[in-house]
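The structure appears right after this line, and notes come after that.
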Amino acid sequence: MQDNLSLFEADGYSMEPMLRRGDRLVLRRVSAGELRVGDIVLAEIDGRKVCHRVIGLDSTGGSLCLLLRGDASFSQPDRVPFQACLGKVSSVIKSGGAVSLETFPQRVISRLAIYLFPALMGLRRFAARLLGR
């Protein structure tokens, strides 16, 4: 792979349904100015590598911090310095092939995901409790 690209295998459930355990993620190094709300990044948080969505950018105090949260999470976002960002997910390799996250339709989906995925996961959990599953 090119010097600015690397691979990472998704391990966990915090980004479902967009990313699933076992998906291979193509990461691209980016500058602070290239990140946008809705992007998915790999960051190091408390010694762990975490793949989450950027739900906010904060440059209060002169340095850029990312607000990160998994799509399936209802918790408060993690606030991490830009330096903790190991790369932006530029595409996902699933069993059916590769999907670029840098096309216009995927960028729109990424923006909507900030609001829709947590709501859908909440409805899913509610339905499971209602049905006794």
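Here is how the numbers come out for the structure above:
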{"read-out": "Of residues in region 37-50 being in contact (Cβ under 8 Å) with a residue 40 or more places away in the chain and under 13 Å from Val89 (Cβ atoms), the one surrounded by the fewest Cβ atoms within 10 Å (Cβ to Cβ)", "value": "Lys49"}
{"read-out": "Every pair of residues 6+ apart whose Cβ atoms lie under 7 Å, when the first sits in region 87-105 and is outside any strand (DSSP E or B) while the second is modelled with pLDDT of 85 or more", "value": "Leu101/Ile40; Leu101/Val89; Leu101/Ser90; Leu101/Ser91; Leu101/Val92; Glu102/Ser90"}
{"read-out": "Within region 71-123, considering residues that are β-branched (Val, Ile, Thr) and modelled with pLDDT of 80 or more, the one farthest from Gly33 (Cα to Cα)", "value": "Ile93"}
{"read-out": "Residue match in region 99-121 (condition: within 18 Å of Gly12 (Cα to Cα) and among the β-branched types (Val, Ile, Thr))", "value": "no"}
{"read-out": "Breaking point among (1) loosely packed, with under 11 Cβ neighbours inside 10 Å; (2) within 12 Å of the chain's Cα centre (by Cα), for Ser75", "value": "(2)"}
{"read-out": "Selected residue [at pLDDT 90 or above, in a loop (DSSP other than H, G, I, E, B) and of a type outside the set (A, V, I, L, M, F, W, C)] from Arg53, Arg21", "value": "Arg21"}
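The values are calculated or read from the model by the stated rules, or taken from the named source; none is laboratory data. None of the values given here were measured: they were computed from a predicted structure. Note that we place each Cβ from the backbone using ideal geometry, even for glycine, and neighbour counts take in every protein chain shown.
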